[in-house]
Each structure stands twice: as C-alpha cells, then as structure tokens.
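Encoded as structure tokens, the structure appears first; notes follow it.
The values are calculated or read from the model by the stated rules, or taken from the named source; none is laboratory data. Everything quoted here is computed from the prediction, not taken from an experiment. FYI the Cβ positions are ideal-geometry reconstructions off the backbone, even for glycines, and counts take in every protein chain you see. Quick note on the areas: whole protein, heavy atoms, side chains included, nothing else; ligands and nucleic acids left out. Shrake-Rupley method; radii C 1.70, N 1.55, O 1.52, S 1.80 Å.
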Amino acid sequence: MAEERKRRVYPFAALVGQEEMKLALILNAINPKLGGVLIRGEKGTAKSTAVRGLAALLPELKVVADCPFGCDPDDVTTMCQSCRERHQRGEELPVATRRMRVVDLPVSATEDRVVGTLDLEHAIKKGEKRFEPGVLAEANRGILYVDEVNLLDDHVVDVLLDAAAMGVNTVEREGVSFSHPANFILVGTMNPEEGELRPQLLDRFGLCVNVVGVRDPAARVEIVKRRAAFEEDPEGFCRQWEPAQEEIRRRILAAREILPAVKISDEMLLRIATLAVEMGVDGHRADIVLMKAAKTHAAYEGRTEVREEDILATAPLVFRHRLRRRPFEEVEEADRLAVALRRAWS
C-alpha cells in the first residue's frame with residue numbers, strides 16, 4: 001500500500017518551470033540547516049505538488065519503530081532522551097522504515113498543538129514527565145508544510161522558526177520542561193496580497209522564492225498534457241519519469257556526502273560580504289545563509305570548492321526577502337541585485 005501511494009505522487013522531475021522553487025527545495029533537502037524556504041506567490045503554481053513530490057523522491061528513512069519522534073537508530077547524537085537511554089543500556093532498538101513525511105500545519109493551530117503539551121498533574125503526582133507530542137514531533141526528520149504562513153499567529157511562527165534553527169523543541173510549563181529532536185525542512189507559503197510577515201520573521205527564513213504562473217503558452221500546454229497523462233495512468237506516468245527522478249535522488253544523496261568537505265575561499269567570502277553591504281541588508285544572517293547555500297549548491301554540482309556560479313545561483317534566494325524598502329523607491333529587486341553583483345565582482 002505504501003508503495004502504491006508513493007507511485008501516485010506527481011513526480012518532482014515532471015514539474016514544468018519553477019526552477020528557482022525546485023532548486024530552493026533541493027538545497028534544503030541536502031542541507032536542512034539552511035533554515036527552510038518561504039514560497040510567495042499565486043495559487044495554483046505547484047507549490048504543494050513540488051513539496052510532496054520532493055518527499056516522495058527522497059529515500060526511505062530508518063526509524064526507531066516505537067519512538068514518537070522517529071529517531072534515527074544509527075545516530076545517537078540526534079536521538080531523544082528515551083532512545084538514548086535505551087541505547088546506553090544496551091537495549092536493541094526496534095527498527096522500521098518509512099517514507100519522509102509531509103506534515104501540514106493548519107492556520108488555526110495553537111501553540112500547544114504545535115509544540116506539544118506536558119501533563120503537569122501526572123508530573124506532580126508520579127514525579128514522571130508525560131508528554132503529548134505535537135506537530136513538531138510528528139515533523140521530525142520530515143517536511144513541515146505551512147500554507148498561508150502569513151496568517152498564522154506571529155508567536156506560533158516564531159516557535160516554528162526557533163525549532164527549525166535549533167533542531168530541538170523545548171516545552172516548559174510551571175518549572176517542568178521536556179525537550180525532543182525537531183529536525184525538519186520548513187516550507188512556508190503565502191500570498192503577499194493577503195498580508196506580509198513581519199520583517200523579523202521574514203529574515204528568519206533561510207531562502208525565499210517568488211512564484212507566478214508560467215506565461216509561455218507552449219509550456220502551459222505541456223503542464224496540462226502532463227497532468228492529464230498522470231491522472232489517466234499514474235503508475236505508467238511515474239515509470240516514465242523514474243530515470244529523471246533517480247538522477248535527482250542520486251545527486252541529492254551524493255551532495256549530502258560531499259557537503260562536509262566543501263570549502264569556501266576568503267575571496268568568495270569577501271564577495272558575499274560585499275554583496276550583503278551593497279544590498280543594504282540588516283545584520284549578518286544573510287552572509288551566513290549565503291555562505292551555506294553556496295556550499296550546498298557546490299555539493300549539488302559535485303564540487304568541493306565554492307565558485308562564483310554557486311553564489312550567483314543562490315544570492316537571489318537569500319536576498320529577495322531581506323531587501324529593505326526605501327520610501328518612494330521603485331527600483332526592481334532584480335535591478336538592485338544586478339547592480340550589487342556588478343559591484344561585488346568589480
């Protein structure tokens with residue numbers, strides 16, 4: 001049944017256009033420490049299809065079968081406290097495999113639903129912590145998909161971004177605390193016409209993509225034809241695209257292996273810093289994220305050293321949502337970036 005569900009997900013490789021969105025998702029799949037991706041734009045532009053297609057594309061995960069957080073049985077450093085203690089006692093942890101999950105967070109979600117709850121009465125009476133897992137526990141080692149993230153309560157968004165950055169979710173109630181691993185790829189979508197996120201929250205997303213419907217008539221025809229072919233024969237359509245899927249999967253897995261060895265020279269770091277200054281961004285988060293993104297892009301290209309093309313490919317994703325809007329300014333984002341790139345490379 002699981003294999004059948006996998007086949008019925010529209011193949012990531014079959015998506016037409018939206019190259020920036022696909023690249024941003026792939027980079028986060030390689031390196032979740034990038035801080036997630038915010039996708040801004042119109043409805044019906046394959047945002048959800050791309051996210052679910054990426055999850056189906058990635059290989060199955062080994063998990064501790066009876067762990068609510070799906071801990072990795074081969075990595076003690078990322079295990080929850082319970083799994084770590086069992087491992088230290090020499091207990092053989094039960095192992096299962098499952099597909100990477102895409103966990104949807106509803107707009108109406110409360111903080112308790114997101115982070116989980118502690119049973120204080122049980123802790124007081126029994127002296128034991130009883131934790132009811134929330135969305136962050138379910139999303140561990142998966143993808144957390146937040147549609148219309150701009151409509152969420154700001155505090156809930158802050159909690160999500162904190163967990164995504166730290167890889168840990170900590171719940172504290174009346175002096176009782178509980179922590180568990182929360183390593184996930186955060187994908188938020190929004191329509192700017194329905195309201196913006198506060199700049200402080202925008203800056204916390206690692207990458208940002210603006211998406212619009214494909215304007216080329218021939219490409220739109222191809223989108224319709226592929227979708228119709230998928231709906232008529234999902235299994236046959238997925239078999240047709242499996243070689244392309246396998247190539248992306250192979251490159252992602254190879255990049256994960258290469259990434260720790262990727263180096264970046266002082267010259268490239270100076271280019272990044274110059275770009276950040278020219279773009280007028282606040283703080284230093286953009287510099288750090290661009291360095292990580294460029295290294296991840298180099299790994300995806302099969303290289304162990306960052307080149308100019310890695311910075312050029314990832315800079316728009318890093319700076320797009322961090323540009324400060326000056327009063328009465330009408331300069332387009334692409335123009336500002338082009339000027340900054342020329343100065344950084346001059």
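Give me the percent of accessible area attributable to carbon and sulfur for the chain, probe 1.4 angstrom. Within the chain, the accessible surface is 51 percent carbon and sulfur.
In the chain, excluding the sites themselves, the longest stretch lacking any of the GluC sites (Glu not before Pro) that are in a DSSP loop with at most 11 other Cβ atoms within 10 Å is 175-328. Close amide H partners of LEU186, meaning residues 5 or more places away or on another chain with modelled amide H under 5 Å apart, are GLY36, VAL37, LEU144. Among rounded, prolate and oblate, which fits the range 33-206 when a ≥ b ≥ c are the square roots of the eigenvalues of its C-alpha gyration tensor, a/c under 1.5 means rounded, and a/b larger than b/c means prolate? The shape class here is oblate. Between 0 and 90 degrees, the angle of helix 154-166 with respect to the longest Cα principal axis of the chain falls at about 90 degrees.
GNM, the chain, Cα, under 10 Å: largest mean-square fluctuation among LYS295, LYS22, LYS263? Among LYS295, LYS22, LYS263, the largest mean-square fluctuation in the Gaussian network model of the chain belongs to LYS263.
Build a GNM of the chain with springs between Cα atoms under 10 Å: which of ALA219, ALA276, ALA24 gets the top mean-square fluctuation? Top of the fluctuation ranking is ALA219. Which residues make up the longest stretch of the chain that has no chymotrypsin sites (Phe, Trp or Tyr not before Pro) in a DSSP loop with at most 12 other Cβ atoms within 10 Å? Maximal segment without exposed cleavage sites: 1-327. Return one number: the angle in degrees, 0 to 90 and rounded to the nearest 10, between the long axis of the Cα atoms of helix 285-300 and the longest principal axis of the Cα atoms of the chain. Computed tilt is about 90 degrees. Heavy atoms of the protein chains alone define the surface here; on that basis the range 33-206 has 47 Å² accessible area per residue at 1.4 Å probe size. Among the lysines of the range 33-206, pairs at least eight places apart or on separate chains and with Cα atoms under 29 Å apart come to 5.
Largest accessible area first, the listed residues ARG130, ARG285 line up as ARG130, ARG285 when surface is computed with a 1.4 Å probe on the assembled protein chains.
The distance from the alpha carbon centre of the range 138-190 to that of the range 30-99 is 14 Å, rounded to a whole number. Quick one: compute the contact order of the chain, relative version, from alpha carbon pairs under 8 angstrom and 6+ residues apart, as a percent. Across the chain, relative contact order equals 21 percent.
Near the amide H of VAL211, within less than 5 Å, lie the amide hydrogens of ARG40, GLY41, GLU42, all on another chain or at least 5 residues away, with H placed in the peptide plane. Taking each residue as 0.36 nm, the span from LEU253 to ALA219 lengthens on full extension beyond its C-alpha to C-alpha distance by 9.3 nm. Of all the options HIS321, HIS180, HIS155, the one that moves most in a Gaussian network model of the chain with Cα springs shorter than 10 angstrom is HIS155. Relative intensity of the chain on a log10 scale, I(q)/I(0) at q = 0.14 Å⁻¹, equals -1.26, per a Debye sum over C-alpha point scatterers of equal strength in the absence of solvent.
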